[in-house]
Amino acid sequence: MPTAILMTTDEVERINKQAWRRNSNRALAWEFVETLDPEGIHVVAWTMVHNDREIRARIMFKVKNKPAEDGPVEGWLDMSFKEFEDLQRLEYERSLTIGDEAQAAMDEGTIGGDGQG
């Protein structure tokens, strides 16, 4: 079953503070963090191991006063392995709104964001 990795705004603030302290390559500007919805849930969309010492994450952020139909705002944040492991995971059912072939390709990573699918 697919799993979503979620962050609260408090977690974003805490992890961002640590990213600045570690002098990570990807930390969020505090002016941007102030725009996040304090009650928002932010979704980790993609991750990779970076420099063998941290996780680089592409995150879809929910910002204040932005209509939901406009979608999330994308950002990047580096975090420690421990910070990443402590994030909430949520298993969910496969989408019933797209075809089985499209879902299988997404699950395999053969389409989605690279312009190849």
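Each value in this text was obtained by applying a stated rule to the coordinates, not by laboratory testing. Quick caveat: nothing in here was measured; it's all calculated off a predicted structure. Don't worry about glycine lacking a Cβ; one is built from the backbone with ideal geometry, like all the others, and counts go over all protein chains shown.
The amide H of GLU54, built 1.01 Å from its N in the peptide plane, has no neighbour under 5 Å, considering only residues 5 or more places off or on other chains. Given R0 = 22 Å, the distance between the Cβ atoms of TRP76 and ARG21 translates into a calculated FRET efficiency of 0.80. Label zone of PHE32 (point 7 Å out along Cα→Cβ, amide N under 12 Å): in region 56-91 this covers 57-62, 73-78. Taking amide hydrogens as placed 1.01 Å from N in the peptide plane, the amide H of TRP46 sits under 5 Å from those of ARG58, each at least 5 positions away in sequence or on another chain. Enclosing the Cα atoms of region 3-108 in their convex hull gives a volume equal to 116 cubic angstrom per residue. For region 39-92, run through the chymotrypsin sites (Phe, Trp or Tyr not before Pro) and keep only the ones in DSSP coil with at most 14 other Cβ atoms within 10 Å of their Cβ. Loop-located and lightly packed - TYR92. Phi angles of region 45-62 translate, via the Karplus equation with coefficients 6.51, -1.76, 1.60 and θ = phi - 60°, into HN-Hα couplings of 8, 6, 9, 8, 6, 10, 6, 6, 9, 7, 9, 9, 10, 9, 10, 9, 9, 9 Hz per residue; Gly and Pro are given as x.
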